[in-house]
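Q: Let me begin by handing over the structure; questions about it come next.
The values are calculated or read from the model by the stated rules, or taken from the named source; none is laboratory data. The shown structure was predicted, so the numbers you read here are calculated from the model rather than taken from an experiment. Methodologically, a virtual Cβ is constructed for each residue, glycine included, from the backbone with ideal geometry; neighbour enumeration extends over all protein chains shown.
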Amino acid sequence: MNPVILIAEDVLVNRLLVKSYITNDFPNSKIFEAGNGEEAVNQVIAHNPEIIFMDLHMPIKNGYQAAMEIREYEKTNRCKSPSVIIALSADATAGVKEKCIINGMNDYLQKPFNTNDIRNVLTKYFSLSFKNQNQDTINLPNLPDEFVKNDLMDRLNGNTELFQKLAGIAIQQLDTDLTNLKASIIKEDLAAIKMNNHSIKGVGLNLYFSRLAELAKTVEREYNFDKDRLLALTEKMTLEFEIIKKELTRYD
């Protein structure tokens, strides 16, 4: 069986990670991607995926809205095999999983997740056997304390090429997000603040930039809007990013 899979996730780094986990174990999978909820609905209509990994916090339409539209489409068109929808989120708030189920999703993975989590989902819902790889030991970059090296490289299965690709994308993504976050704080645009900070937190969690992720979580707790406090936190995030960037670019 070669499953047809949709990855709906607005942060490119996160999409790439999920895709790498899938193709590592299930190299014959046919994978489509969507960067927002509206694209996700359109991809379902076009490709009828068997399983969807759906981020909850996407622009245009969020994961909840997209899931409900997908279920309505399947009902209207009397689809015999509805897609399995797996919610993806860093939100650890009580009741999130239950809300996902109520809105038509089948299951929930909390970020950061790893290869085993994706494997377990695919084997739970489909009769799939994964490709067991006995990889030789690979010399990995000696990363600074900012990274939880073993966790990150275990997730990448020692793939240094993927590490380099992720590093380049992460630098670009974080640079853009931090610039936009500061601008949205100055404008007092709460929706934009939440969107940009969500992206920063997602990259931080998935790539084990632990201090950056914690700063993003702190910003979340400050949404009641003390502008000076938010700008000070953004400055700390920017300084942390400079440390990350310096270390990542050592391994180009």
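Q: Specify the residue that is farthest from the chain's Cα centre (by Cα); the eligible residues are those in the stretch 182-230 that are charged (D, E, K, R) and within 21 Å of Thr93 (Cβ to Cβ).
A: Checked the stretch 182-230; the qualifying residue farthest from the chain's Cα centre (by Cα) is Glu222.
Q: Follow-up. For the stretch 23-43, name all the residues that are among the charged types (D, E, K, R) and in contact with a Phe, Trp or Tyr (Cβ under 6 Å, 6 or more places away or on another chain).
A: Answer for the stretch 23-43, where residues must be among the charged types (D, E, K, R) and in contact with a Phe, Trp or Tyr (Cβ under 6 Å, 6 or more places away or on another chain): just Asp25.
Q: In the list Glu33, Glu38, which residue meets the criterion of being in a strand (DSSP E or B), farther than 17 Å from Asn106 by Cβ and either modelled with pLDDT of 95 or more or in contact with a Pro (Cβ under 7 Å, 6 or more places away or on another chain) (or both)?
A: Only one candidate qualifies: Glu33.
Q: Are any of the residues in the stretch 183-190 in contact with a Leu (Cβ under 6 Å, 6 or more places away or on another chain) and either exposed (fewer than 14 other Cβ atoms within 10 Å of the Cβ) or of a type in the set (Lys, Arg) (or both)?
A: No, the stretch 183-190 has no match at all.
Q: Of the residues that make up the stretch 41-62, is at least one without any contact (Cβ under 8 Å) to a residue 24 or more places away in the chain and surrounded by fewer than 18 Cβ atoms within 10 Å (Cβ to Cβ)?
A: Yes - at least one qualifying residue is present in the stretch 41-62.
Q: Out of curiosity, is Leu207 hydrophobic (A, V, I, L, M, F, W, C), in contact (Cβ under 8 Å) with a residue 12 or more places away in the chain and over 13 Å from Leu178 (Cβ atoms)?
A: Yes.
Q: Another question, if that's okay. If Ala87 meets every condition in (1) at pLDDT below 95; (2) assigned to a strand (DSSP E or B) apart from one, which number is that one?
A: The one condition Ala87 does not meet is (1).
Q: Which of the residues that make up the stretch 72-103 are surrounded by fewer than 18 Cβ atoms within 10 Å (Cβ to Cβ), farther than 26 Å from Val203 by Cβ and either among the small types (Gly, Ala, Ser) or in contact (Cβ under 8 Å) with a residue 24 or more places away in the chain (or both)?
A: Tyr73, Cys79, Ser81
Q: Taking the stated definitions as given, is Leu17 in a helix (DSSP H, G or I) and within 27 Å of Phe209 (Cα to Cα)?
A: yes
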